[in-house]
Amino acid sequence: MAVDLSLLHSGTPADQLAALRTLKHDIIGHINKKQQWIQSGILPPLVRLVRQSPPAQELNGNDTQQHAEGARLNDVESVQLYALQLLASFANAGYQFLSPLCASGAIEAVLARSCLRSPRSQIVLTSLRILRAVTEAAAFAPIPPTDQASRHSQLSPDTVILANIILANDHLESFASILRNDVSAQVSAVARLILSLCREERHQFALVNCGVLDALATRLAGFAVAEGQVIPRADEISQSNGLSNCFPTPARPGVELSDILGSIAAIITDSPYRTCRLLYSPSILAVFPNTDSDWDTYWKIHAGSPDKLAGMRPTKHKDYEPMDLLLPYTPIQLRGLSSHAPSFPLLSSRPGTDSPPWTIAEASRGTDDSENPESPLVPWLIGLARSCHGLDALAAAAVLASLFKCGFTYRPRETTLGLSVVPKLLQILDVADRSANDTDMSPLDSRTQATWAVIERVPEILTHLVTDSDSLQKAAFDSGAVKLICKLLKSTYDAEPPSIQNELWSPNANPEPVQMSDDDPTCQLGQLGQHPLLVHRIRLRESALKALGALGASREEYRKAIVDQDLIPYIKESLYRFPVRPRQSKEQPNNDGTGRGQDDRARSELGENPTSVIVAASYTTRMLARSVSILRTSLMDNAVEKTIERLLEHHELEVQVAATAVVCNMVTDFSPMKESFILAGRVKTLCKHAKSQNAALRLNAIWALNHLVHASSIELKKTCLEELQPGWLIQLICDDMEDAALSSTRAKGDDCNSDEEDDMDIDDQNRESSYKPLEDQVSLDNHIIRLADARLHALREMELNPVRKARQDDLEVQEKGLGFIRNLIGEPHLNGADSANDTTEMIDHLFNTLGQDRFFEILASKLKTKTLNPFGRRGATGSEARVLYPQAKIIEAVVYILVHLAASIPRHRQLVISQKELLKLLAGLTSSQEREVRVALCHLINNLTWRDDDSDAPACSQRAFELKKLGFLNKLESLGQNDEELDVRERAKTAVWQMKHPQ
């Protein structure tokens, strides 16, 4: 170490530059030298040199940087560049150098405007490379003992921390500026940062709000222009629509398509608003216009012809779809095979997600067309996914998956995806797997990293595509997805990878590095990171588990194929933090899994499963538990229920939610595991979770209790009701919680959220436009921009409004709470002489516990329309009250409670018939559009007009008379003759006959 550190503190720029050059030559390629220099305190002086450089002129476009390119760097700029290059060298040295770099403030210094907004491209690019290097190093961070920060899928705790620093609002403007310039290396670096770090919703919305998504969309449109794959006469159409300034230049060489598409996919995933924001980006509207023209009139477009915006659930097919010419012809016979229309909600079986609090009817507000066309971007992306290879095809499929799942594609596109995209994804995965098996994984090079990235991402994209789509699940199954992904999951439990050397080699027997201070964190190396192969296996384990769960969600055939691959032991080990070598059930010495905990950290040969892997394994288990056969055989033989019981008390809330969802399928009346859960005392645990403040855990717990009490003994039903507490059950099914959420939000003064009915008129000037960051490129008064802005505002309101989300959560819990009551008084434990007595006893116990009058008042309240207080809104008057109508699922649950009451003894039927207000509300629901509601009402009338014996004849006649007075007879006669559903017609006819012949 011949460099004098004092020169870095007090020397002239020329002396500092000479010292930095010597230092650079000393450490490049020498890991030991880097370690010694860190311990000697080199980082603080380097960071100071980066910080002390005078603020550079801001980069307001391309001119400043292009002008600076031709000038030679002065000494001050050269010092800054060399200091950054040295920091980059340390950042590339591995995870153990990340700790001193963060402690010295190097990350914050690199993110400063003097670096990212410098007119010198070398300085900007080196700064971005440092950020990229520390992001890559953070991926190998060891999992902390409590796994507190690792709740984000496939992100290490250190990566989450870095994402919060790098993607802070203060730095996003710099990233947007870089994406708009013409330096390809800088654009690629920023895009890869976003792809690696963007997982949190707040970061995704921030990237949209600051214009990063629009800049990426412009880059994407530039690829279409470069390939000549542009809508014919798009330049003329964009000019007539006032978007000529937004028409991009052709993409330059050096920027990878996969980087741009991958970063876009990371931003828009699972968000209708952000996905729509991509479609409505001015550059996308310019290159992919959607004109209301057919083949005969397309070439006669005149200036000023209106552009049509793509919409949700597009149905407006046209004779002339130019982009479809890029795709192979789909026979007309196949176009109608789609079994799934992308709509909201779409997340019923997706792991760790809840249904969004809106409907298609709500989402269409603010539009001016009864039918919406599809954006030409969709077929263009399908063409990319078919024709490209490797990461390019995967990135195109990832963006396509978001467009499909959020409902922005034609319904027949599902068939196209199943025929073209899904097989291509699995082909890419198979090729990458073969390449990985034939490649020496040591040393780790860029080719191996790219191969691993493909293997990790294909199951993730496949999961996104096939969830809730029967036809795409079939396409994946027919393409061999189950066998291939099962093989990949098993490979993650292969032999332990070689360990990283704890000590670096040195030519000296006992090197004694100079240290400035034992307590100075900038001079202390961190702990060694995880082995790259182990990190890859953990990532692959998670994505493979999710893919298998999505594939096995619907059909027994697919679930059986998964089990036939002998995969249950591997799934079970994935439920443990510290897995061991998977063994089949006959080889397992202790199936209950007791004694597996933190002490296994040292013994684990296969790494540590973070929370995300445990949640993914729980999801797969839940899907497999839908099969009665698998539940009674494979899962039971491997004692999976014991592991799930343990996870109910896991310290991570996310794991508790996932485990409770599994229990829903394990405590059904036909499950042999039900008794095990009861004997283990898990009823108290489920009741405790049902009182949680977390909406997802509360919902899953009451759902599990719903299944648990079905066809159970009266003792268990009373125990569950007592443990849950009657007062809390009433609170679950009443409106109190959603009213509290509404009041709480308004009490915080959040005018934006409490104002649920903002004017959707496109001339509304009281809110900031979504296109505000682009006002220098496009006029905000443009008709197309104003129309797009109105639609985006409606979507944003529905997606971000916490009041809507809270109300939706409460409605779901209320539905399950009412179902819990239905099962309490429903099917008895055993069919026999005592079954009727048990049902009668349980009904009376419920009345005594909850209060008979209060019980019927609650049921009636669920059937009434609700008027929200309008005076909490800006400028509201008494005539602007918003009416909420009862939800079909809630109505159905209420009616079936009454069905069970009416199926009991005559005394209970008389009690139901005496509830005049309740019956009047039900009479108005016979014309409901929901088939299930009409069927339930027919069941109720059948039970109310049933006669047990001759002694019940007078009461039966009186009940029929009361129902006729309420108008049920005429309504049921109409249903029996005119209803489109056979089931409704036949049950209505039975009810009419019983009402006319009560004796």
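Kindly establish whether residue 639 is among the hydrophobic types (A, V, I, L, M, F, W, C) and at pLDDT 95 or above.
It is false that residue 639 is among the hydrophobic types (A, V, I, L, M, F, W, C) and at pLDDT 95 or above.
Does residue 300 satisfy the criteria of being within 28 Å of residue 792 (Cβ to Cβ), surrounded by fewer than 17 Cβ atoms within 10 Å (Cβ to Cβ) and either modelled with pLDDT of 80 or more or basic (Lys, Arg) (or both)?
So residue 300 does not fit the description; no.
Please go through (1) surrounded by 21 or more Cβ atoms within 10 Å (Cβ to Cβ); (2) within 32 Å of the chain's Cα centre (by Cα) for residue 229 and return the number of the only condition it doesn't satisfy.
(1) is the only condition that residue 229 fails.
Give, as residue ranges, the helices (runs of 4 or more DSSP H) completely inside region 948-999 that count at least 2 residues that are touching a helix residue (DSSP H, G or I) at 6+ places or on another chain (Cβ under 7 Å) and under 14 Å from residue 937 (Cα atoms).
968-978, 982-996
Exactly one condition in (1) part of a loop (DSSP other than H, G, I, E, B); (2) at pLDDT 90 or above is not met by residue 840; state its number.
Of everything listed in (1) part of a loop (DSSP other than H, G, I, E, B); (2) at pLDDT 90 or above, residue 840 misses just condition (1).
Residue by residue, here is whether (1) hydrophobic (A, V, I, L, M, F, W, C); (2) at pLDDT below 90; (3) buried (at least 16 other Cβ atoms within 10 Å of the Cβ); (4) under 24 Å from residue 179 (Cβ atoms) holds:
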{"position": "31", "(1), (2), (3), (4)": "yes, yes, no, no"}
{"position": "37", "(1), (2), (3), (4)": "yes, no, yes, no"}
{"position": "91", "(1), (2), (3), (4)": "yes, no, yes, yes"}
{"position": "116", "(1), (2), (3), (4)": "yes, no, yes, yes"}
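Check region 810-827 and report whether any residue there is of a type in the set (S, T, N, Q), under 30 Å from residue 912 (Cα atoms) and either assigned to a helix (DSSP H, G or I) or modelled with pLDDT under 90 (or both). First the steps, then the outcome.
Restricting attention to region 810-827, the residues satisfying the condition of being of a type in the set (S, T, N, Q) are 814, 823.
From what's left, under 30 Å from residue 912 (Cα atoms): 814, 823.
Now narrow it down to the ones that are either assigned to a helix (DSSP H, G or I) or modelled with pLDDT under 90 (or both): 814, 823.
Yes, that holds for at least one residue.
Report yes if residue 558 is crowded, with 20+ Cβ neighbours inside 10 Å, aromatic (Phe, Trp, Tyr) and within 24 Å of the chain's Cα centre (by Cα), otherwise no. If you could, list the steps in order and put the result at the bottom.
Details: crowded, with 20+ Cβ neighbours inside 10 Å: yes; aromatic (Phe, Trp, Tyr): yes; within 24 Å of the chain's Cα centre (by Cα): yes.
Yes: the conditions hold for residue 558.
Could you pull out the residue among 649, 645 that is part of a loop (DSSP other than H, G, I, E, B), within 27 Å of the chain's Cα centre (by Cα) and closer than 18 Å to residue 619 by Cα?
None of the other options fit; the residue is 649.
What do you reckon, is residue 421 in a helix (DSSP H, G or I) and either free of Cβ contacts under 8 Å to residues at least 40 places away in the same chain or under 20 Å from the mean Cα position of the chain (by Cα) (or both)?
No, not satisfied.
How about region 962-988: which of its residues are within 13 Å of residue 934 (Cα to Cα) and surrounded by fewer than 16 Cβ atoms within 10 Å (Cβ to Cβ)?
Correct list: 974, 978, 980, 981, 982, 983, 986.
Which condition does residue 452 not pass, out of (1) closer than 18 Å to residue 492 by Cα; (2) at pLDDT 95 or above, if it passes all the others?
Single failed check for residue 452: (2).
Need a quick list: helices (runs of 4 or more DSSP H) entirely within region 100-202 having at least 1 residues that are over 26 Å from residue 531 (Cα atoms).
Fully inside region 100-202 and qualifying: 106-110, 113-116, 121-138, 169-179, 184-197.
Of all residues in region 43-83, which are more than 41 Å from the chain's Cα centre (by Cα), of a type in the set (A, V, I, L, M) and at pLDDT below 55?
Passing the criteria: only 68.
Looking only at region 948-967, how many residues end up being in contact (Cβ under 8 Å) with a residue 40 or more places away in the chain and of a type in the set (D, E, K, R)?
Result for region 948-967: 4.
Cβ-Cβ distance below 7 Å, separation of 6 or more or different chains: which pairs start in region 463-490 with a residue that is in a loop (DSSP other than H, G, I, E, B) and end on one that is of a type outside the set (A, V, I, L, M)?
Matching pairs, first to second residue: 467/349; 467/350; 468/340; 468/348; 468/349; 469/340; 469/414; 479/423.
The values are calculated or read from the model by the stated rules, or taken from the named source; none is laboratory data. Because the structure is a prediction, the values reported are computed rather than measured. Every residue, glycine among them, receives a Cβ derived from its backbone with ideal geometry; neighbour counts consider all protein chains shown.
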